[in-house]
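Novice: The structure that follows is given in the form of structure tokens.
No lab work stands behind these numbers, since they all come straight from the coordinates. Here the structure is a predicted model, which is why all the values come from computation and not from measurement. Here Cβ is always computed from backbone atoms with ideal geometry, including for glycine, and neighbour counts include all displayed protein chains.
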Amino acid sequence: MTHRAVRRQQGLSLWPLLVLIVILAALGAAGWWGWQQWQVLEKDRQGLGQQVETLRGELDRRDQERRQAEDRLRQQQQQLEARMARDREALADVRQGGQTLWLINEAEALASLAGQRLMLTGDAAAARRLLKAADDTLARLDDPDALPARQALANDMETLNGALQVDIQAMVLRLGALQSLVPELALPEREAPPRQAPTADQGSWWSRLLEQMPVTVSRHDGEVPVPLTETQAATVRLTLDASLQQARLALMQGRAKAYQQALDSANTTLDQWFRDDQGRVKQMRAALEELGGQQVNQALPEIGAGLDAIRQLKRDVLKRDGGEGGQ
């Protein structure tokens, strides 16, 4: 009985130890599982943080795009407001002067363009056509107040008709054609002077010694001829081309003196550097002589009276309509 009691008592004392072991094992397992879950949660937290940063960057980008869109919209609105202001101003002009003011502005622009065309190109025919168009525009007004302006335009057109008509455009084109012939001219060169025969005193021992040396000694009276290099020849051609170009510009600007000086410079270059037996040189000489013989020294006519009369008509219309509007 005593032995069984001892064994029973030992078995009972092992139960707390087993329970403690089981509890410790459970706590260890729970701790390991908790650690694993914490790592998973930490990874999820980091992933959520990255997503938040991405979303924040996307929101910043969209906010910047929104601000840029607002700036563009603001600029478009300002442009629209400026356009509307111009339209309101134009509408006010229409209400103030109506179709009359529009036609007067058109006639003024045509008359101004006629003066500029005559000044820049000397084309009297084109200037007359522009003045005729301005007169036709004023004729559409059917207003007696426009008669003085039309009379001034008629005087300007008659002035152009009476001016000496020279086909400036044809002369300018011909000078351009001569410029295209410059590269075809033969290479400018100077002929070497004939070699002089030896004299009596040249038969001395010094002369015979020089003849045996690998050099050539020549004597020339006056300027020693120097053969031209390709660069020098190109410079001569450029000089001739520049003279022709200056003649074209002077012709288009109505400067007769400068035109004649440019032609003289071209002839001087031909005389100095090119031979007379070249066909192209003869052709260019004849063309320059013919161009120089034409009369281009006439003064350009003054045609500003018509433009001044149109501007005076415009001022009168604005004053009249403004006075009527004030009444």
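Novice: State the extension gain, in nm to one decimal, for the chain segment bounded by ASP44 and SER180, taking 0.36 nm per residue of separation less the distance between their alpha-carbons. The partial results should precede the final answer.
Specialist: Values: separation 136, 0.36 × 136 = 48.96 nm, distance 8.30 nm.
So the extension gain works out to 40.7 nm.
Novice: So which aspartates and glutamates pass the test for LYS319, namely a Cα distance under 18 Å, with those fewer than 8 places away in the same chain ruled out?
Specialist: GLU89, ASP93, GLU108, ASP143, ASP145, ASP308
Novice: Between ALA29 and VAL52, what is 0.36 nm times their sequence separation minus the Cα-Cα distance? Round to one decimal in nm.
Specialist: 4.9 nm
Novice: Which ³J(HN,Hα) values, rounded to whole Hz and listed in residue order, are derived for the stretch 255-263 from phi using the Karplus coefficients 6.51, -1.76 and 1.60 in 6.51 cos²θ - 1.76 cosθ + 1.60 with θ = phi - 60°, glycine and proline given as x?
Specialist: So the Karplus estimates, Gly and Pro as x, are 9, 5, 5, 5, 5, 5, 4, 5, 5 Hz.
Novice: Quick check: residue separation of MET119 and ASP142 times 0.36 nm, minus the Cα distance between them. What number comes out in nm? List each step's numbers first, then the result.
Specialist: Values: separation 23, 0.36 × 23 = 8.28 nm, distance 3.12 nm.
Gain on extension, MET119 to ASP142, equals 5.2 nm.
Novice: Now for a different question. Could you pull out every one of the lysines with an alpha carbon less than 27 Å from that of LYS282, ignoring same-chain neighbours closer than 8 positions?
Specialist: LYS257
Novice: What is the set of long-range amide H partners of ARG140 at a cut-off below 5 Å, with H atoms built 1.01 Å from backbone N?
Specialist: The answer is none.
Novice: Taking a label point 7 Å from the Cα of GLU70 along the Cα→Cβ vector, which residues of the stretch 50-64 have an amide N closer than 11 Å to it?
Specialist: 63-64
Novice: What is the sum of charges, Lys and Arg at +1 and Asp and Glu at -1, for the other residues whose Cβ falls under 13 Å from the Cβ of ARG285?
Specialist: Once positives and negatives cancel, what remains is -3.
Novice: If you take the beta carbon distance between ASN105 and ALA242 as r and set R0 to 35 Å, what does 1/(1 + (r/R0)^6) give as a FRET efficiency, to the nearest 0.05?
Specialist: Here the calculated transfer efficiency is 0.20.
Novice: Calculate the spin-label point distance for ARG280 paired with THR231, positioning each point 7 Å from the Cα along the beta-carbon direction, and give it in nanometres.
Specialist: Using points 7 Å along Cα→Cβ, the separation is 2.3 nm.
Novice: Using a basic spin-label model with each label point 7 Å from the Cα along Cα→Cβ, how many nm lie between LEU173 and VAL19?
Specialist: Each label point lies 7 Å from its Cα, and together they span 12.6 nm.
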